[in-house]
Amino acid sequence: MVVSFAAVTLCSANRSDARIGETTLQCVARYGPPKDTPSSKMMDKNSPLLEGAIHHIYEYQGWKIRAAFLQLDGPAVRVEYSKMPVAGGSPLVRDYELQAIMTANTPAGMTWTQIAYDNPDSPNKGIAKAAEVFVSVGQKMWRRTDGAVLRSRGDIVIRLELLAAREYEQELKLTKEQKARASVPQF
């Protein structure tokens, strides 16, 4: 079952001072109330950070922070950081800004290690998957000691995700495939 598996996984999620593991209440205390709008709700429906998750958008000192929660009082399992548009400002995330995001999302005793870029959302396999590395110019990935992943997507969007988010997506995909197979008529 997707929900029970996700609930067990979420219980093991790190709830330390790292932003990626914070609850909605902790996010509100840190960033203020969510800035959810009809437009953002439409974006969450059409392009969710995590299908079936509760989404909130926070604005903090010129940044838009989009977070996905699998439970109302659970931790954020996927978070995206991007700069808010400012006249004359650059939307690109600078190295020192990326470092600040990494530092804020590093609990005590954990570290980040840069890894080869690997798009987990890609359906490609084999040679096509290997070719993605060459066309992923400007995209970088790091893995935290606990399995959390940080992706710099073209220096415009920084995405962090807990292992629980990827496990939830795998369970969701498996459940959909099982339903699709079960719906095939017995010819």
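For the reader, a short list of remarks on this structure follows.
- Whether a residue is at pLDDT below 95 and either touching a helix residue (DSSP H, G or I) at 6+ places or on another chain (Cβ under 6 Å) or polar (S, T, N, Q) (or both) was assessed, and Gln99 does not pass this test.
- Hey, Ala68 under 14 Å from Glu169 (Cα atoms), in contact with a Lys or Arg (Cβ under 8 Å, 6 or more places away or on another chain) and modelled with pLDDT of 95 or more or not: yes
- Listed by first and then second residue, the pairs with beta-carbon distance under 8 Å, at least 6 apart or on different chains, first residue in region 169-182 and more than 23 Å from Leu49 (Cβ to Cβ) and free of Cβ contacts under 8 Å to residues at least 60 places away in the same chain, second surrounded by 12 or more Cβ atoms within 10 Å (Cβ to Cβ) and among the small types (Gly, Ala, Ser), form an empty list.
- Test: Leu50 is part of a loop (DSSP other than H, G, I, E, B), within 17 Å of Leu150 (Cβ to Cβ), out of contact with any Gly (no Cβ under 9 Å at 6 or more places or on another chain) and touching a residue at least 60 places away in the same chain (Cβ under 8 Å): yes
- Qualifying residue in region 82-98 (condition: closer than 30 Å to Lys176 by Cα, of a type outside the set (Ser, Thr, Tyr), assigned to a strand (DSSP E or B) and in contact with a strand residue (DSSP E or B) (Cβ under 9 Å, 6 or more places away or on another chain)): no
- Some residue of region 58-68 being under 21 Å from Lys140 (Cα atoms) and in contact with a helix residue (DSSP H, G or I) (Cβ under 7 Å, 6 or more places away or on another chain): yes
The values are calculated or read from the model by the stated rules, or taken from the named source; none is laboratory data. These numbers come from a predicted model, not from an experiment. Note: ideal-geometry Cβ built from the backbone for every residue, glycine included; neighbour counts use all protein chains shown.
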